[in-house]
1. Fewest to most neighbouring Cβ within 10 Å: what's the order for ASP140, ASP180?
2. What is the order of LYS88, LYS116, fewest Cβ neighbours within 10 Å to most?
3. Using a basic spin-label model with each label point 7 Å from the Cα along Cα→Cβ, how many nm lie between THR101 and GLU62?
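All of the numbers you see were taken from the coordinates with simple rules; none came from a lab. Just so it is clear, the structure is predicted and the values come from calculations on it, not from any experiment. Quick reminder, even Gly has a Cβ in these numbers, built from the backbone with ideal geometry, and neighbours come from all protein chains shown.
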Amino acid sequence: MVHFNPLKNIFGFGGNYSGKLFLCSLFLFVYSMIRITQVLAGDDALGLRSLRGLKGIRVVVEGLEPEAEKDGLIREQIRNDVELRLHKAGIKVYTKDEFPTATGIPSLDVNVTAKKHNETSLYYYNISVNLFQRVALIRDPDINGFGTTWFTGWVGAVSSRRIRNVRVHINDCVDEFISDYLIANPGPPVRPNEPE
């Protein structure tokens, strides 16, 4: 009789406790990201409308572990990729000096969490791209703060040798933002050197 052990035959784990625990953790992580995406994406029209009249954004890249950067997923490269895509689309990217005085203080936050599983040398990663800007309560506009008004993301796995490929999925998420921005702001875009 041949025994099939999915942990061993599919995922390469020897069926040990740490392998099972890791697989359960991965399942819960992916499930929670799907649920978060469903909740946040519940009103696409609202997210799209929140981009209307946006004159520019600041780009922030967060969440990268030193090990992922060592293997080739470099924070500065990601930021440069994102800013270049925005510039090419005609979306102004605020400098450090411009950002604090920008209307709504909008920030496109690219958060990349990549965890390496040492037994398989696979990185399990989560990308979330969020537009944060100043928002106010309808019942009392004097109560305001920062909130996420637009969101997209990606969850995946990649070998440590191919971790640079995560940038492709980051770019896909940014392209989704650019597409929505251009739908919400038809007509000639604000040029990068043009004042607000």
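1. Exposure proxy ranking, most exposed first: ASP140, ASP180.
2. LYS88, LYS116
3. 2.6
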